[in-house]
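Comments concern the structure below.
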Amino acid sequence: MTQENRSDSVVVVHTGVSVSLRSFSLDPVSINPDFLRYNDIVGADWKIEGPVTVEPRLTRVAYDNGVVITATRNRVTFAQTGQLLDLDNFVGSAMAMRYISSVALRLGYEAVAIAPRGFIRIPPISQGESSTILERLRRRLPFAAELPRVQARVSYNLAGRGITLYVGEAVNEAAGAVSMLRFSAHIHHNVPESGPSEQTDFVRSVVESWREDLADFDRLAIQFYHESFKGG
């Protein structure tokens, strides 16, 4: 079932979630399709989609179920996308956990990030009703007879965690109206300085609790939605 977060009839529809592990040193070439399959990080029946990139600076492997795995010299990311992502079938966290087990304590970790994406549909707005804060700015900032695209960035610095929320609008050009607010977030966890075993345990705990970060993303998106209609 497609997962949605509802609050007072406002619905967050999820379209993607990624889990990123930042390491001190990483060899992208080692994270290739054979490594991924041999260590059961990906399913044996998954089919690769599109070209595979395996280079010293970048590895990218995409599968036909919406999973994309990328690796650079200091980061590996397990992402899954879909027009309506079924969170019950989200495999990014499980892939990250199996990857952590496969590399054991050979790598030190600097940070973990959970990055969700989604949208909230906006019902048709009747004449005289308020529009979103982004739409109001858009209408007030024409240039050379063109209206701009307006985006917002909201950042929170919390104890041991940082959240950055990005907001944009999708415009129905035919109707000349905003049809949805698009949200994405980068939720960053710093790994405490400690021994390899303690760092690995911390990284595992963050990955295992990815739904808690997703819940915060939903709350912030719904809060922004409600607040964006206030004011004139």
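Just so you know, all these numbers are worked out from the coordinates, no wet-lab data involved. Because the structure is a prediction, the values reported are computed rather than measured. FYI the Cβ positions are ideal-geometry reconstructions off the backbone, even for glycines, and counts take in every protein chain you see.
Could you work out the local net charge near T15, counting Lys and Arg as +1, Asp and Glu as -1, over the other residues with Cβ closer than 10 Å to its Cβ?
Net charge in that neighbourhood comes out at +2.
Using the alpha-carbon atoms, what tilt in degrees (0 to 90, nearest 10) does helix 92-103 show relative to the longest principal axis of the chain?
20
Compute the angle between helix 196-208 and the longest alpha-carbon principal axis of the chain, please, reported from 0 to 90 degrees and rounded to the nearest 10.
Tilt relative to the chain: about 40 degrees.
Going by alpha carbons, how many degrees (0 to 90, nearest 10) lie between the helix axis of 210-228 and the longest principal axis of the chain?
For helix 210-228, the angle is close to 10 degrees.
For the chain, give the magnitude of the charge dipole about the Cα centre (Cβ charges: +1 Lys/Arg, -1 Asp/Glu; no others), in debye to the nearest 20.
Roughly 640 debye, rounded to the nearest 20.
If each of S25 and Y38 carries a label point 7 Å out from its Cα toward its Cβ, how far apart are those two points in nm?
2.1
Given the rule -39500 (n - 2.57) for each run of at least 4 DSSP H residues, summed and divided by the residues of the chain, what is its mean residue ellipticity at 222 nm, to the nearest 500 deg cm²/dmol?
One gets -7500 deg cm²/dmol as the mean residue ellipticity at 222 nm.
Determine the gain in length on full extension of the stretch R136-D45; use 0.36 nm per residue of separation and subtract their C-alpha separation, reporting nm with one decimal.
27.9 nm
Between A144 and H226, what is the FRET efficiency for a Förster distance of 30 Å, r being their Cβ-Cβ separation, to the nearest 0.05?
That gives a FRET efficiency of 0.35.
Taking R0 as 25 Å, what FRET efficiency do you get between E193 and L158 from their Cβ-Cβ distance, rounded to the nearest 0.05?
Once the sixth-power term is evaluated, E becomes 0.85.
Residues with amide H under 5 Å of M180's amide H, sequence separation 5 or more or different chain, H placed in the peptide plane at 1.01 Å from N; which?
Answer set, sorted by chain and number: I122, A170.
Which far-off residues, 5 or more places away or on another chain, put their amide H under 5 Å from the one on V191, with H placed in the peptide plane?
Correct list: A111, V112.
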